[in-house]
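Encoded as structure tokens, the structure appears first; notes follow it.
Nothing in this text is a laboratory measurement; each read-out follows from the coordinates by a stated rule. Remember, predicted model here, so these are calculated numbers, not experimental data. Ideal geometry is used to build each Cβ from the backbone, glycine not excepted, and the neighbour counts take in all protein chains shown.
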Amino acid sequence: MAHILIVDDNSELRSTTRKMLESAGHQVSEAANGVEGLDRITASVKSKTKLDEIQVALVDLIMPEKDGLMLIQEALAQSPRLKIIAISGGPQGNPAWLPIAKSAGATRMLKKPFTKDQLLRHVQELLADNWK
């Protein structure tokens with residue numbers, strides 16, 4: 001399966017999403033904000049082990065420290081093959097940000113709250129694209 005990074009300031013959402021992904025056999029890392037997320041991606045790029053390489057990142061767009069749009073741009077500058085699923089919505093988020101995230105380089109978008117099936121379908125499709 002894949003190594004997936006969840007970057008979201010909502011710890012409950014990170015925990016729930018981690019369980020969804022791990023139940024499908026994925027390796028999961030977490031970051032509570034954009035700065036931590038970029039640190040994890042940088043470490044992944046520098047790693048010599050294929051297992052440590054992050055293939056997919058779920059990135060919340062509204063976060064402290066560094067917002068999701070900045071993270072997407074900086075992450076893709078370091079790791080152009082990284083697939084990014086932008087997530088937004090819920091009480092504080094605005095789904096109108098999702099098209100902006102796509103223009104910043106996000107591969108897919110998910111509006112909160114999302115289901116396990118929606119999440120896993122997006123991840124599976126992105127991973128399948130890597131093998132084409």
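Here is how the numbers come out for the structure above:
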{"item": "The chain: calculated mean residue ellipticity at 222 nm from DSSP helix runs of at least 4, using -39500 (n - 2.57)", "result": "-14000 deg cm²/dmol"}
{"item": "Dimensions (Å) - the chain, Cα atoms, principal axes, largest first", "result": "39, 29, 28"}
{"item": "Extension gain from Ser47 to Arg81, taking 0.36 nm per residue of separation minus the Cα-Cα distance", "result": "10.7 nm"}
{"item": "Label zone at Lys111 (point 7 Å along Cα-to-Cβ), backbone N below 19 Å, the stretch 34-77", "result": "59-62"}
{"item": "Nonlocal amide H pairs with Ala57, under 5 Å, H built at 1.01 Å", "result": "Leu5, Lys83, Ile84, Ile85"}
{"item": "Count of lysine pairs in the chain with Cα separation under 22 Å (8 or more residues apart, or interchain)", "result": "22"}
